[in-house]
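A quick write-up on the structure given underneath.
The values are calculated or read from the model by the stated rules, or taken from the named source; none is laboratory data. Everything numeric here is computed off the predicted structure, so don't read it as measured data. Don't worry about glycine lacking a Cβ; one is built from the backbone with ideal geometry, like all the others, and counts go over all protein chains shown. Accessible surface areas use protein heavy atoms only, side chains included; no ligands, DNA or RNA. Shrake-Rupley method; radii C 1.70, N 1.55, O 1.52, S 1.80 Å.
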Amino acid sequence: DGVDGVDDVGDVGAEGAGSSLSDLSRRVEESLLALYDEQVPAPPKARRRPLKVNLDLLNYSARNLKRKGRLNEAVKVWQRCLRLDPHDGRAWLALARMSANAGGHTKAKQLFEEGIRFCPGNPFILQAYGNYRQRRGDVVRAAELYAQGVAADAKHAASWLGLAKLSAAVGDQETAALCFCRATDAEPQNYVAWQSRACHAWDTLGDTSAARDFFKQAVDVNPTNVATFQAWACREAKAGNLEVASSLFERGDACYSGANTYLLCSWAQLESERNEDGAAELLFERSMRKADTLFNNKGVKDATPWQMYGLFLKDRGRFSEARAVFERGVKINRGYPPLYNAWALMEAGAGDVDTARSLLERGIRDAGRTRPRGRTWMYWALLELQEGHPARARNLLEMGLRDDPDDRGVVMARAMLEEREKDMVEARKWWALACKLHSSDPFVAYGAKEFETRSGEGMGGLGNLGLGVGPALGRGPLGDSLDGLRRGEGQE
């Protein structure tokens, strides 16, 4: 058998990012789960395979090249790993994720499938592919992959976490809580599992007491993990416990010899909410200095600190300073659409619609074809709609859908545009598409139900597109796996 599908992974671009405390916490949690990529074990010893130490060194070299932003060189090293031993799951997983990050979804799917073919029963690849398919809206296939990961290794916490998050997304909180519990039972020293369990207990179950116990367990397991302090502090801040949150941010900052940009940005946002603007600005400055020295996992510098600081200044009416910060951010990463979006919205709010249009157009142009631009098209369309140009807005949304057909915001914006134009049939069609593409997304399901209420048609089938995934999870390998879980099978 030859090794197919590893020639053209492509370059990796920046994704959009939110700037709220909850968005930052979510992004940190996602980056934690991505660490499993680097924990994939080497293939077991077998006949006529290269020395394990050689594969280890090559994988180590590729990861370092990726961290330094030398992505094409990293790809070549991982391709060499596959030529030496196509049964090395680390290379398949790394190449598949890099391709997905670059927007090459056909290539990513091919790489994942080939990885499973050469490494059957590898729970790391199964879990990662499940996560990828879930993000692409295929929750049934994702459920099957997570279940296969659990079947392959009942001690693989990441597969349990995948099942837990998927169950939570489709509203089965009982199963989600059970799977989170299985994850921490499987790997009691896994701080990611404890942190994820804490977030679910806090955010979904409303059990803040249990959540705090789980956060404490995560800290006990890894007292130097900044992300746990960041996630915990964000939730305390949202609950109004600002002093507790500030103390947690301080602990997180102190436990790490460098500086974590997400923690610093979140902390700065908290200080601004406490009316401590001077402290907030110092934290934003620290975050920007740190971000200026780092490449993110897509090989570019993360412009989030400039985006957030610019919004902070805008909210205080310091528009000229905000413009200067946005401009600095663009120089750091000219292909970061959210920065242009934030800048354009500021200009539009100040009444300068022409400048806002120019910035959105510039953001689309600078992002290039390999980076997500759907949300920028959406903001431009909403600007035109606000200015009384619905036909122009519709055309811009069409462009956004061509660029990024899976972008939730673009599809929902198109539905809302048609509703505003009183075309309820067309609006319903777009809400149905949103539900189909994002069937496990509670925000989409909520929007669809609200549309049905406004249109006076009841649930008439549309809501079921958004919420009817749960029953599908009861069929096939996941249903069998969960039935066994509830009976206590498969646990040592």
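Scanning the range 312-339 for residues that are open to solvent by less than 50 Å² (accessible area, probe 1.4 Å), more than 17 Å from residue 288 (Cα to Cα) and not in a loop (DSSP other than H, G, I, E, B) turns up just one, 337. Residues of the range 110-130 that are touching a residue at least 40 places away in the same chain (Cβ under 8 Å) and buried (at least 24 other Cβ atoms within 10 Å of the Cβ): 111, 122, 124, 125, 127, 128.
Among the residues of the range 451-474, are any open to solvent by 60 Å² or more (accessible area, probe 1.4 Å), at pLDDT 75 or above and within 22 Å of the chain's Cα centre (by Cα)? Looking through the range 451-474, none of the residues is open to solvent by 60 Å² or more (accessible area, probe 1.4 Å), at pLDDT 75 or above and within 22 Å of the chain's Cα centre (by Cα). Being open to solvent by less than 20 Å² (accessible area, probe 1.4 Å) and among the charged types (D, E, K, R) holds for only one residue in 271, 243, and it is 271.
If the condition is being outside any helix (DSSP H, G or I), surrounded by fewer than 17 Cβ atoms within 10 Å (Cβ to Cβ) and basic (Lys, Arg), then the range 345-378 contributes only 369. Among the residues of the range 74-89, how many are in contact with a Cys (Cβ under 9 Å, 6 or more places away or on another chain) and not in a helix (DSSP H, G or I)? Total meeting the criteria: 3. Only residues that are open to solvent by 40 Å² or more (accessible area, probe 1.4 Å) and modelled with pLDDT of 90 or more were counted in the range 246-268, giving 4. When the residues of the range 408-437 are filtered to those that are out of contact with any helix residue (DSSP H, G or I) (no Cβ under 7 Å at 6 or more places or on another chain) and in a helix (DSSP H, G or I), the one that is farthest from residue 337 (Cα to Cα) is 425.
Going by what's in this entry, would residue 224 be described as part of a helix (DSSP H, G or I), in contact (Cβ under 8 Å) with a residue 24 or more places away in the chain and surrounded by fewer than 24 Cβ atoms within 10 Å (Cβ to Cβ)? When the stated conditions are applied, residue 224 does not pass them.
So residue 285 fits all but one of (1) at pLDDT 90 or above; (2) assigned to a loop (DSSP other than H, G, I, E, B); (3) under 14 Å from residue 329 (Cβ atoms); what number is the exception? Evaluating residue 285 over (1) at pLDDT 90 or above; (2) assigned to a loop (DSSP other than H, G, I, E, B); (3) under 14 Å from residue 329 (Cβ atoms) leaves (2) as the failure.
Can you work out which of the residues in the range 281-293 that are crowded, with 22+ Cβ neighbours inside 10 Å and not aromatic (Phe, Trp, Tyr) is farthest from residue 265 (Cα to Cα)? Steps first, answer last, please.
The first filter runs over the range 281-293 and keeps only residues crowded, with 22+ Cβ neighbours inside 10 Å, leaving 283-284, 287-288, 291.
Subsequent filtering for residues that are not aromatic (Phe, Trp, Tyr) retains 283, 287-288, 291.
Details: 283: 7, 287: 6, 288: 9, 291: 11 Å.
Only one residue fits best here, namely 291.
Here residue 405 passes the criteria (1) assigned to a helix (DSSP H, G or I); (2) open to solvent by 60 Å² or more (accessible area, probe 1.4 Å); (3) not small (Gly, Ala, Ser) except the one numbered (1).
For the range 227-240: of the residues being surrounded by 21 or more Cβ atoms within 10 Å (Cβ to Cβ) and touching a residue at least 40 places away in the same chain (Cβ under 8 Å), which is farthest from residue 198 (Cα to Cα)?
Step one: list which residues in the range 227-240 are surrounded by 21 or more Cβ atoms within 10 Å (Cβ to Cβ), which gives 227-237.
Narrowing the set further to residues that are touching a residue at least 40 places away in the same chain (Cβ under 8 Å) leaves 227, 230-231, 234-235, 237.
Details: 227: 13, 230: 13, 231: 9, 234: 13, 235: 10, 237: 15 Å.
Among those residues, the one meeting the criterion is 237.
Filtering the range 92-109 down to residues that are without any contact (Cβ under 8 Å) to a residue 60 or more places away in the chain and touching a Leu at 6+ places or on another chain (Cβ under 8 Å), which residue is surrounded by the fewest Cβ atoms within 10 Å (Cβ to Cβ)? Across the range 92-109, the extreme among qualifying residues is 96.
Filter the range 151-182 down to the residues that are touching a residue at least 12 places away in the same chain (Cβ under 8 Å), open to solvent by 10 Å² or more (accessible area, probe 1.4 Å) and either in a helix (DSSP H, G or I) or among the β-branched types (Val, Ile, Thr) (or both) and list them by number. Let's see the steps before the verdict.
Let us first name the residues in the range 151-182 that are touching a residue at least 12 places away in the same chain (Cβ under 8 Å), namely 151-173, 175-182.
Filter again for open to solvent by 10 Å² or more (accessible area, probe 1.4 Å), leaving 151-155, 165, 168-173, 177-178, 181-182.
Residues satisfying the conditions are 151, 152, 165, 168, 169, 170, 173, 177, 178, 181, 182.
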